[in-house]
Amino acid sequence: MRTIQRRLPFFTHSFSSPHLPCINSPSLLLSSPSHSHSTFNIRSKSSPIIMAAVIKVHGVPMSTATMRVLAALYEKDLQFELIPVDMRVGAHKQEPYLSLNPFGQVPALQDGDLTLFESRAITSYIAEEYSDKGEKLTCPGCKKVKATTKVWVEVEGQQFDPIASKIAFERIFKGMFGMTTDPAAVKDLEDKLVKVLDIYEARLAKSPFLACDCFTLADLHHLPAIHYLMGTDSKTLFESRPKVSEWVKKITARPAWSKVVALQKQ
Amino acid sequence: MVLTIYAPLFASSKRAVVTLIEKGLEFETVNVDLLKGEQKNPEYIAIQPFGKIPVLVDGDYKIFESRAIMRYIAEKYRSQGPDLLGKTVEERGQVEQWLDVEATSYHPPLLALTLNIVFAPLMGLVADEKVIKESEEKLGEVLDVYEAQLSKNEYLAGDFVSLADLAHLPFTEYLVGPIGKANMIKDRKHVSAWWDKISNRPAWKEVSEKFALPI
(Lines give C-alpha, C1' and ligand atoms only; values in the text may rest on other atoms or scores of the structure.)
Protein backbone atom coordinates (compact mmCIF):
# COMPACT_ATOMS: atom_id res chain seq x y z
CA MET A 1 0.00 0.00 0.00
CA ARG A 2 1.36 3.33 -0.94
CA THR A 3 1.49 5.96 1.70
CA ILE A 4 1.45 9.56 0.74
CA GLN A 5 3.72 11.65 2.84
CA ARG A 6 2.40 15.05 3.65
CA ARG A 7 4.24 18.03 4.82
CA LEU A 8 2.53 20.04 7.49
CA PRO A 9 0.12 22.53 5.97
CA PHE A 10 1.62 25.94 5.94
CA PHE A 11 0.01 29.25 5.45
CA THR A 12 1.20 31.26 2.55
CA HIS A 13 -0.71 34.33 3.59
CA SER A 14 -3.08 35.10 6.37
CA PHE A 15 -4.86 38.07 4.86
CA SER A 16 -7.39 38.18 2.09
CA SER A 17 -7.31 40.42 -0.93
CA PRO A 18 -9.51 43.52 -0.67
CA HIS A 19 -10.88 42.94 -4.13
CA LEU A 20 -12.48 39.58 -3.73
CA PRO A 21 -14.28 38.40 -0.68
CA CYS A 22 -12.74 35.20 0.43
CA ILE A 23 -12.91 32.50 3.05
CA ASN A 24 -9.85 32.49 5.23
CA SER A 25 -8.73 28.99 4.50
CA PRO A 26 -5.09 28.09 4.54
CA SER A 27 -3.60 26.56 1.46
CA LEU A 28 -2.46 23.02 1.91
CA LEU A 29 0.70 22.18 0.14
CA LEU A 30 1.54 18.65 -0.64
CA SER A 31 5.16 18.16 -1.29
CA SER A 32 6.28 15.12 -3.15
CA PRO A 33 9.12 13.40 -1.33
CA SER A 34 10.79 12.41 -4.55
CA HIS A 35 11.49 15.99 -5.37
CA SER A 36 13.13 17.27 -2.28
CA HIS A 37 15.60 19.96 -2.79
CA SER A 38 19.00 18.45 -3.17
CA THR A 39 21.54 20.18 -1.04
CA PHE A 40 24.37 18.10 -2.31
CA ASN A 41 25.27 17.93 -5.91
CA ILE A 42 28.06 15.55 -6.54
CA ARG A 43 29.80 16.45 -9.74
CA SER A 44 31.93 14.07 -11.63
CA LYS A 45 35.58 14.41 -12.49
CA SER A 46 37.36 17.44 -11.20
CA SER A 47 34.72 19.39 -9.28
CA PRO A 48 34.41 18.73 -5.59
CA ILE A 49 31.07 18.27 -3.83
CA ILE A 50 29.23 21.59 -3.82
CA MET A 51 26.60 22.62 -1.36
CA ALA A 52 23.70 23.61 -3.54
CA ALA A 53 22.53 22.79 -7.03
CA VAL A 54 22.76 25.86 -9.24
CA ILE A 55 19.80 26.45 -11.50
CA LYS A 56 20.84 26.21 -15.12
CA VAL A 57 19.01 27.97 -17.92
CA HIS A 58 19.82 26.84 -21.44
CA GLY A 59 18.87 29.60 -23.86
CA VAL A 60 19.81 32.89 -25.48
CA PRO A 61 19.11 36.44 -24.29
CA MET A 62 17.49 37.39 -27.61
CA SER A 63 14.77 34.77 -27.27
CA THR A 64 11.52 36.04 -25.76
CA ALA A 65 10.85 32.75 -23.99
CA THR A 66 14.32 32.73 -22.45
CA MET A 67 13.83 36.31 -21.27
CA ARG A 68 10.56 35.33 -19.61
CA VAL A 69 12.36 32.72 -17.50
CA LEU A 70 15.30 35.01 -16.69
CA ALA A 71 12.89 37.71 -15.51
CA ALA A 72 11.31 35.29 -13.02
CA LEU A 73 14.72 34.18 -11.74
CA TYR A 74 15.88 37.77 -11.23
CA GLU A 75 12.61 38.69 -9.51
CA LYS A 76 13.25 35.85 -7.12
CA ASP A 77 16.92 36.78 -6.57
CA LEU A 78 17.87 33.25 -7.45
CA GLN A 79 21.36 32.23 -8.45
CA PHE A 80 21.51 30.70 -11.87
CA GLU A 81 23.83 29.96 -14.73
CA LEU A 82 22.85 30.95 -18.26
CA ILE A 83 24.26 28.37 -20.60
CA PRO A 84 24.21 29.67 -24.15
CA VAL A 85 22.74 27.42 -26.82
CA ASP A 86 24.53 28.03 -30.10
CA MET A 87 21.49 28.37 -32.31
CA ARG A 88 23.74 29.63 -35.10
CA VAL A 89 24.98 26.09 -35.60
CA GLY A 90 21.59 24.53 -34.90
CA ALA A 91 22.59 23.17 -31.47
CA HIS A 92 18.97 23.49 -30.30
CA LYS A 93 17.87 20.93 -32.88
CA GLN A 94 20.43 18.30 -31.94
CA GLU A 95 21.59 16.29 -28.97
CA PRO A 96 22.44 16.95 -26.26
CA TYR A 97 19.91 19.79 -26.26
CA LEU A 98 17.02 17.60 -27.44
CA SER A 99 17.36 15.57 -24.25
CA LEU A 100 16.47 18.77 -22.39
CA ASN A 101 13.66 19.82 -24.71
CA PRO A 102 12.57 17.31 -27.34
CA PHE A 103 10.83 20.11 -29.24
CA GLY A 104 14.19 21.73 -29.90
CA GLN A 105 13.09 25.11 -28.56
CA VAL A 106 14.73 27.40 -26.03
CA PRO A 107 14.79 27.71 -23.10
CA ALA A 108 15.18 24.67 -20.93
CA LEU A 109 15.85 24.77 -17.20
CA GLN A 110 17.63 22.34 -14.93
CA ASP A 111 17.18 22.52 -11.16
CA GLY A 112 19.06 19.66 -9.58
CA ASP A 113 17.75 16.56 -11.28
CA LEU A 114 14.60 18.26 -12.53
CA THR A 115 14.51 19.32 -16.18
CA LEU A 116 11.77 21.61 -17.45
CA PHE A 117 10.85 23.35 -20.68
CA GLU A 118 7.98 25.66 -21.82
CA SER A 119 8.78 29.09 -20.37
CA ARG A 120 5.43 29.58 -18.60
CA ALA A 121 5.65 26.17 -16.94
CA ILE A 122 9.13 27.11 -15.80
CA THR A 123 8.07 30.47 -14.35
CA SER A 124 5.15 28.80 -12.61
CA TYR A 125 7.56 26.28 -11.05
CA ILE A 126 9.93 29.06 -9.97
CA ALA A 127 7.08 31.00 -8.37
CA GLU A 128 5.85 27.95 -6.45
CA GLU A 129 9.09 26.25 -5.52
CA TYR A 130 10.72 29.46 -4.38
CA SER A 131 7.59 31.10 -3.03
CA ASP A 132 9.45 32.34 0.05
CA LYS A 133 12.18 34.12 -1.92
CA GLY A 134 12.19 37.52 -3.57
CA GLU A 135 9.00 38.75 -5.23
CA LYS A 136 5.89 36.65 -4.69
CA LEU A 137 4.79 36.60 -8.36
CA THR A 138 1.41 35.22 -7.27
CA CYS A 139 -1.58 36.98 -5.76
CA PRO A 140 -1.70 36.87 -1.99
CA GLY A 141 -4.93 35.60 -0.56
CA CYS A 142 -7.34 32.80 -1.03
CA LYS A 143 -8.00 30.45 -3.87
CA LYS A 144 -10.34 32.84 -5.69
CA VAL A 145 -7.65 35.46 -5.97
CA LYS A 146 -5.09 32.89 -7.03
CA ALA A 147 -7.49 31.74 -9.69
CA THR A 148 -7.64 35.28 -11.03
CA THR A 149 -3.89 35.17 -11.57
CA LYS A 150 -4.36 32.02 -13.58
CA VAL A 151 -6.96 33.76 -15.73
CA TRP A 152 -4.63 36.58 -16.68
CA VAL A 153 -1.69 34.24 -17.19
CA GLU A 154 -3.85 32.44 -19.72
CA VAL A 155 -4.90 35.72 -21.32
CA GLU A 156 -1.27 36.60 -21.96
CA GLY A 157 -0.54 33.18 -23.38
CA GLN A 158 -3.65 32.72 -25.49
CA GLN A 159 -4.81 36.22 -26.43
CA PHE A 160 -1.90 38.61 -26.23
CA ASP A 161 1.27 36.76 -27.11
CA PRO A 162 0.26 35.06 -30.38
CA ILE A 163 -0.55 38.46 -31.87
CA ALA A 164 2.22 40.48 -30.21
CA SER A 165 4.91 37.99 -31.26
CA LYS A 166 3.86 38.13 -34.89
CA ILE A 167 3.89 41.92 -34.90
CA ALA A 168 7.33 41.99 -33.28
CA PHE A 169 8.59 39.50 -35.83
CA GLU A 170 7.19 41.49 -38.77
CA ARG A 171 8.50 44.79 -37.54
CA ILE A 172 11.82 43.80 -36.05
CA PHE A 173 13.20 40.89 -37.94
CA LYS A 174 11.89 41.76 -41.34
CA GLY A 175 13.08 45.29 -40.63
CA MET A 176 16.51 43.94 -39.72
CA PHE A 177 16.89 42.47 -43.15
CA GLY A 178 15.65 45.47 -45.04
CA MET A 179 12.46 43.76 -46.03
CA THR A 180 9.52 46.05 -46.09
CA THR A 181 7.11 44.72 -43.54
CA ASP A 182 3.82 43.71 -45.11
CA PRO A 183 1.68 46.73 -44.14
CA ALA A 184 -1.60 44.87 -44.62
CA ALA A 185 -0.44 42.01 -42.40
CA VAL A 186 0.79 44.38 -39.71
CA LYS A 187 -2.44 46.40 -39.78
CA ASP A 188 -4.48 43.23 -39.50
CA LEU A 189 -2.44 42.08 -36.50
CA GLU A 190 -2.55 45.50 -34.86
CA ASP A 191 -6.34 45.65 -35.21
CA LYS A 192 -6.50 42.38 -33.30
CA LEU A 193 -4.05 43.55 -30.64
CA VAL A 194 -6.01 46.75 -30.11
CA LYS A 195 -9.07 44.71 -29.10
CA VAL A 196 -6.97 42.95 -26.47
CA LEU A 197 -5.43 46.20 -25.26
CA ASP A 198 -8.87 47.81 -24.89
CA ILE A 199 -9.79 44.99 -22.53
CA TYR A 200 -6.53 45.54 -20.65
CA GLU A 201 -7.31 49.27 -20.40
CA ALA A 202 -10.65 48.50 -18.75
CA ARG A 203 -9.10 45.93 -16.43
CA LEU A 204 -6.24 48.19 -15.36
CA ALA A 205 -8.72 50.93 -14.51
CA LYS A 206 -9.95 48.60 -11.76
CA SER A 207 -6.74 46.85 -10.76
CA PRO A 208 -3.17 48.15 -10.44
CA PHE A 209 -1.79 45.06 -12.07
CA LEU A 210 -3.61 42.60 -14.29
CA ALA A 211 -4.49 39.97 -11.70
CA CYS A 212 -4.55 41.93 -8.45
CA ASP A 213 -2.72 44.54 -6.41
CA CYS A 214 0.63 42.88 -6.90
CA PHE A 215 2.99 42.27 -9.77
CA THR A 216 2.48 38.64 -10.74
CA LEU A 217 3.45 36.21 -13.47
CA ALA A 218 0.44 37.50 -15.39
CA ASP A 219 2.25 40.83 -15.82
CA LEU A 220 5.76 39.39 -16.05
CA HIS A 221 4.96 37.10 -18.97
CA HIS A 222 4.21 40.16 -21.12
CA LEU A 223 7.62 41.74 -20.69
CA PRO A 224 9.59 40.25 -23.59
CA ALA A 225 7.04 40.98 -26.32
CA ILE A 226 6.34 44.45 -24.92
CA HIS A 227 10.06 45.14 -24.74
CA TYR A 228 10.41 44.42 -28.45
CA LEU A 229 7.23 46.20 -29.51
CA MET A 230 8.10 49.38 -27.61
CA GLY A 231 11.11 49.71 -29.92
CA THR A 232 8.84 49.79 -32.97
CA ASP A 233 6.06 51.96 -34.38
CA SER A 234 3.58 49.64 -32.65
CA LYS A 235 4.44 51.34 -29.38
CA THR A 236 1.71 53.88 -30.09
CA LEU A 237 -0.90 51.22 -29.41
CA PHE A 238 0.33 51.04 -25.82
CA GLU A 239 1.13 54.72 -25.36
CA SER A 240 -2.29 55.88 -26.48
CA ARG A 241 -4.07 53.95 -23.70
CA PRO A 242 -3.40 55.73 -20.39
CA LYS A 243 -3.81 52.80 -18.00
CA VAL A 244 -1.98 50.40 -20.29
CA SER A 245 0.77 52.97 -20.78
CA GLU A 246 1.18 53.43 -17.04
CA TRP A 247 1.27 49.68 -16.52
CA VAL A 248 3.87 49.21 -19.26
CA LYS A 249 6.08 51.87 -17.69
CA LYS A 250 5.73 50.24 -14.27
CA ILE A 251 6.56 46.72 -15.31
CA THR A 252 9.39 47.61 -17.68
CA ALA A 253 11.02 49.79 -15.02
CA ARG A 254 11.43 46.89 -12.61
CA PRO A 255 15.11 46.31 -11.72
CA ALA A 256 14.83 42.58 -12.42
CA TRP A 257 13.70 43.33 -15.97
CA SER A 258 16.56 45.79 -16.51
CA LYS A 259 18.95 42.96 -15.65
CA VAL A 260 17.41 40.77 -18.35
CA VAL A 261 17.68 43.56 -20.91
CA ALA A 262 21.31 44.16 -19.90
CA LEU A 263 22.12 40.55 -20.80
CA GLN A 264 21.26 41.29 -24.41
CA LYS A 265 24.03 43.83 -24.56
CA GLN A 266 26.75 41.42 -23.56
CA MET B 1 39.87 59.79 -44.19
CA VAL B 2 38.25 57.38 -41.81
CA LEU B 3 36.06 54.65 -43.22
CA THR B 4 33.16 53.88 -40.90
CA ILE B 5 30.73 51.02 -41.38
CA TYR B 6 27.45 50.96 -39.47
CA ALA B 7 25.81 47.86 -37.98
CA PRO B 8 28.66 45.44 -38.76
CA LEU B 9 27.11 42.56 -36.85
CA PHE B 10 24.26 42.01 -39.27
CA ALA B 11 24.36 39.79 -42.34
CA SER B 12 23.86 42.36 -45.09
CA SER B 13 26.53 44.59 -43.57
CA LYS B 14 28.97 41.72 -43.71
CA ARG B 15 29.01 41.91 -47.52
CA ALA B 16 30.61 45.32 -47.10
CA VAL B 17 32.79 44.34 -44.15
CA VAL B 18 34.35 41.36 -45.95
CA THR B 19 35.14 43.60 -48.91
CA LEU B 20 36.90 46.11 -46.66
CA ILE B 21 38.98 43.32 -45.13
CA GLU B 22 39.78 41.74 -48.51
CA LYS B 23 41.18 45.11 -49.52
CA GLY B 24 43.28 45.34 -46.35
CA LEU B 25 41.56 48.54 -45.27
CA GLU B 26 41.43 50.03 -41.80
CA PHE B 27 37.93 50.94 -40.74
CA GLU B 28 35.83 51.80 -37.74
CA THR B 29 32.47 50.39 -36.82
CA VAL B 30 29.36 51.80 -35.20
CA ASN B 31 26.86 49.36 -33.73
CA VAL B 32 23.20 49.97 -34.47
CA ASP B 33 20.82 48.00 -32.26
CA LEU B 34 18.14 46.84 -34.68
CA LEU B 35 16.28 45.02 -31.91
CA LYS B 36 15.64 48.37 -30.28
CA GLY B 37 14.79 50.06 -33.54
CA GLU B 38 17.86 52.33 -33.46
CA GLN B 39 17.83 52.43 -37.25
CA LYS B 40 14.71 54.58 -36.96
CA ASN B 41 16.44 57.26 -34.90
CA PRO B 42 16.60 60.62 -36.67
CA GLU B 43 20.41 60.59 -36.52
CA TYR B 44 20.48 57.33 -38.43
CA ILE B 45 17.73 58.26 -40.90
CA ALA B 46 19.85 61.32 -41.72
CA ILE B 47 22.48 59.00 -43.20
CA GLN B 48 20.18 56.23 -44.46
CA PRO B 49 16.72 57.54 -45.31
CA PHE B 50 15.20 54.06 -45.61
CA GLY B 51 16.32 53.15 -42.09
CA LYS B 52 18.17 50.09 -43.40
CA ILE B 53 21.68 48.82 -42.80
CA PRO B 54 24.55 49.10 -43.66
CA VAL B 55 25.90 52.54 -44.40
CA LEU B 56 29.51 53.35 -45.19
CA VAL B 57 30.77 56.81 -44.30
CA ASP B 58 34.03 57.83 -45.97
CA GLY B 59 34.96 61.25 -44.65
CA ASP B 60 32.20 63.49 -46.04
CA TYR B 61 30.99 60.82 -48.44
CA LYS B 62 28.10 58.47 -47.62
CA ILE B 63 26.92 55.37 -49.43
CA PHE B 64 24.33 52.73 -48.56
CA GLU B 65 23.03 49.43 -50.08
CA SER B 66 25.52 46.65 -49.26
CA ARG B 67 26.32 45.73 -52.87
CA ALA B 68 26.74 49.39 -53.89
CA ILE B 69 29.18 49.76 -51.00
CA MET B 70 31.08 46.69 -52.22
CA ARG B 71 31.36 48.19 -55.70
CA TYR B 72 32.53 51.55 -54.35
CA ILE B 73 35.25 49.97 -52.20
CA ALA B 74 36.36 47.65 -54.98
CA GLU B 75 36.58 50.56 -57.42
CA LYS B 76 38.20 53.10 -55.12
CA TYR B 77 40.83 50.66 -53.86
CA ARG B 78 41.24 48.75 -57.08
CA SER B 79 45.02 48.78 -56.92
CA GLN B 80 45.27 47.12 -53.51
CA GLY B 81 44.33 43.60 -52.53
CA PRO B 82 42.60 41.28 -55.02
CA ASP B 83 40.88 42.92 -57.99
CA LEU B 84 37.29 41.98 -57.23
CA LEU B 85 35.82 43.57 -60.38
CA GLY B 86 37.57 41.64 -63.14
CA LYS B 87 40.21 43.05 -65.48
CA THR B 88 38.21 43.78 -68.60
CA VAL B 89 34.87 45.35 -69.43
CA GLU B 90 33.55 41.89 -70.28
CA GLU B 91 34.75 40.42 -66.98
CA ARG B 92 33.21 43.37 -65.13
CA GLY B 93 29.98 42.66 -66.96
CA GLN B 94 29.95 39.11 -65.64
CA VAL B 95 30.66 40.29 -62.11
CA GLU B 96 27.74 42.72 -62.29
CA GLN B 97 25.52 40.01 -63.73
CA TRP B 98 26.14 37.55 -60.93
CA LEU B 99 25.87 40.29 -58.29
CA ASP B 100 22.41 41.03 -59.64
CA VAL B 101 21.57 37.31 -59.68
CA GLU B 102 22.52 37.12 -56.01
CA ALA B 103 20.31 40.09 -55.22
CA THR B 104 17.25 39.12 -57.23
CA SER B 105 17.23 35.32 -57.33
CA TYR B 106 19.44 33.86 -54.61
CA HIS B 107 18.84 36.23 -51.73
CA PRO B 108 15.01 36.41 -51.53
CA PRO B 109 14.29 32.70 -50.95
CA LEU B 110 17.33 32.40 -48.68
CA LEU B 111 16.12 35.37 -46.66
CA ALA B 112 12.70 33.75 -46.27
CA LEU B 113 14.40 30.62 -44.94
CA THR B 114 16.55 32.70 -42.59
CA LEU B 115 13.58 34.58 -41.16
CA ASN B 116 11.40 31.55 -40.71
CA ILE B 117 13.95 29.10 -39.43
CA VAL B 118 16.52 31.22 -37.62
CA PHE B 119 14.63 34.20 -36.30
CA ALA B 120 11.00 33.19 -35.86
CA PRO B 121 11.89 30.87 -32.95
CA LEU B 122 13.44 33.79 -31.08
CA MET B 123 9.98 35.33 -30.96
CA GLY B 124 8.48 32.00 -29.96
CA LEU B 125 6.83 31.74 -33.37
CA VAL B 126 6.31 28.56 -35.30
CA ALA B 127 7.81 28.72 -38.76
CA ASP B 128 5.58 28.89 -41.85
CA GLU B 129 6.14 25.44 -43.36
CA LYS B 130 4.63 26.37 -46.72
CA VAL B 131 6.98 29.32 -47.11
CA ILE B 132 9.93 27.17 -46.09
CA LYS B 133 9.09 24.49 -48.63
CA GLU B 134 8.57 26.96 -51.48
CA SER B 135 11.73 28.88 -50.61
CA GLU B 136 13.78 25.71 -50.50
CA GLU B 137 12.51 24.73 -53.96
CA LYS B 138 13.26 28.14 -55.46
CA LEU B 139 16.71 28.25 -53.92
CA GLY B 140 17.40 24.74 -55.20
CA GLU B 141 16.60 25.82 -58.76
CA VAL B 142 19.01 28.73 -58.48
CA LEU B 143 21.71 26.47 -57.06
CA ASP B 144 21.26 24.11 -60.00
CA VAL B 145 22.15 26.99 -62.32
CA TYR B 146 25.15 27.78 -60.11
CA GLU B 147 26.24 24.14 -60.29
CA ALA B 148 26.31 24.30 -64.09
CA GLN B 149 28.14 27.64 -64.09
CA LEU B 150 30.72 26.51 -61.51
CA SER B 151 31.43 23.33 -63.44
CA LYS B 152 32.81 25.59 -66.19
CA ASN B 153 34.43 28.30 -64.07
CA GLU B 154 36.21 28.28 -60.75
CA TYR B 155 34.17 31.26 -59.55
CA LEU B 156 30.87 32.72 -60.63
CA ALA B 157 32.15 35.46 -62.96
CA GLY B 158 35.10 33.48 -64.30
CA ASP B 159 38.33 32.09 -62.98
CA PHE B 160 38.85 34.94 -60.54
CA VAL B 161 37.16 35.64 -57.22
CA SER B 162 34.94 38.69 -57.39
CA LEU B 163 32.33 40.72 -55.54
CA ALA B 164 29.75 38.32 -56.95
CA ASP B 165 31.17 35.43 -54.91
CA LEU B 166 31.71 37.48 -51.74
CA ALA B 167 28.13 38.78 -51.80
CA HIS B 168 26.92 35.24 -51.12
CA LEU B 169 28.92 34.73 -47.94
CA PRO B 170 26.78 36.11 -45.09
CA PHE B 171 23.46 34.47 -45.88
CA THR B 172 24.92 31.22 -47.19
CA GLU B 173 26.59 30.92 -43.82
CA TYR B 174 23.07 30.93 -42.32
CA LEU B 175 22.06 28.24 -44.83
CA VAL B 176 24.82 25.81 -43.88
CA GLY B 177 24.61 26.68 -40.19
CA PRO B 178 21.46 27.52 -38.23
CA ILE B 179 19.06 26.93 -41.15
CA GLY B 180 20.37 23.36 -41.18
CA LYS B 181 20.31 22.89 -44.96
CA ALA B 182 24.02 22.47 -45.65
CA ASN B 183 23.05 19.56 -47.91
CA MET B 184 21.81 22.06 -50.49
CA ILE B 185 25.43 23.15 -50.90
CA LYS B 186 27.18 19.86 -50.15
CA ASP B 187 25.08 17.79 -52.55
CA ARG B 188 26.17 19.93 -55.48
CA LYS B 189 29.78 19.02 -56.23
CA HIS B 190 30.96 22.27 -57.82
CA VAL B 191 28.87 24.54 -55.59
CA SER B 192 30.32 22.71 -52.60
CA ALA B 193 33.91 23.19 -53.77
CA TRP B 194 33.21 26.85 -54.47
CA TRP B 195 31.66 27.36 -51.04
CA ASP B 196 34.64 25.72 -49.32
CA LYS B 197 37.01 28.04 -51.20
CA ILE B 198 35.21 31.31 -50.53
CA SER B 199 34.20 30.59 -46.95
CA ASN B 200 37.75 29.66 -46.03
CA ARG B 201 39.23 32.91 -47.29
CA PRO B 202 41.04 34.63 -44.41
CA ALA B 203 38.96 37.79 -44.81
CA TRP B 204 35.73 35.87 -44.27
CA LYS B 205 37.13 33.99 -41.31
CA GLU B 206 38.05 37.31 -39.77
CA VAL B 207 34.51 38.64 -40.29
CA SER B 208 33.00 35.53 -38.67
CA GLU B 209 35.23 35.84 -35.65
CA LYS B 210 35.09 39.56 -35.04
CA PHE B 211 31.51 40.39 -35.96
CA ALA B 212 29.42 37.47 -34.80
CA LEU B 213 25.78 38.26 -34.05
CA PRO B 214 25.05 36.90 -30.61
CA ILE B 215 22.01 34.78 -31.21
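The values are calculated or read from the model by the stated rules, or taken from the named source; none is laboratory data. Quantities reported herein were computed from a predicted structural model and do not represent experimental measurements. In this analysis, Cβ positions are derived from the backbone assuming ideal geometry, glycine residues included, and neighbour counts consider all displayed protein chains. Ligands, DNA and RNA are excluded from the accessible area calculation, which covers all protein heavy atoms including side chains. Shrake-Rupley method; radii C 1.70, N 1.55, O 1.52, S 1.80 Å.
Can you compute the helix-only [θ] at 222 nm over chain B? Use -39500 (n - 2.57) per DSSP H run of at least 4 residues, normalise by all residues, nearest 500 deg cm²/dmol.
-14500 deg cm²/dmol
Nearest 20 debye, what's the magnitude of the dipole of segment A:152-266 about its Cα centre given +1 on Lys and Arg Cβ and -1 on Asp and Glu Cβ? Write down the numbers at each step before the final one.
Details: 16 positive and 15 negative charges, 73 e Å.
Here the size comes out at about 340 debye.
How large is the convex hull of the Cα atoms of the protein assembly as shown per residue, expressed in Å³ as a whole number?
187
Semi-axes of the equivalent ellipsoid for segment B:113-215, please: Cα gyration tensor eigenvalues, times 5, square-rooted, ordered largest first, whole Å.
Numbers: eigenvalues 126, 70, 17 Å².
Values for segment B:113-215, descending: 25, 19, 9 Å.
First select every other residue whose beta carbon is under 15 angstrom from the beta carbon of residue A:142; then total the charges, Lys and Arg +1, Asp and Glu -1. Intermediate results must be reported in sequence, preceding the final value.
Working: positive: A:136, A:143, A:144, A:146, A:150; negative: A:213.
Residues close to residue A:142 contribute a combined charge of +4.
Which value in Å is the Kirkwood Rh of segment B:1-82 over different Cα pairs? Let's see the in-between values first.
Details: mean 1/r = 0.0787 Å⁻¹.
Evaluated on segment B:1-82, it is 12.7 Å.
Project the alpha carbons of segment B:57-128 onto their principal axes and report the range along each, largest first, in whole Å.
48, 32, 18
Hey, can you find the accessible area per residue of segment A:226-266 for me, probe 1.4 Å, expressed in square angstrom?
Counting only protein heavy atoms, the per-residue value for segment A:226-266 is 48 Å².
I'd like the per residue volume of the convex hull spanned by the Cα atoms of segment B:7-163, given in cubic angstrom.
It is 127 Å³ per residue.
Compute the convex hull volume of the Cα atoms of segment A:134-244, divide it by the residue count, and report the result per residue in Å³ as a whole number.
It comes to 97 Å³ per residue, whole-number rounded.
Under the definition of partner shielding as Cβ atoms of other protein chains within 10 Å of a residue Cβ, what is the mean value for peptide B:117-130?
Taking the mean over all residues of the peptide, I get 6.
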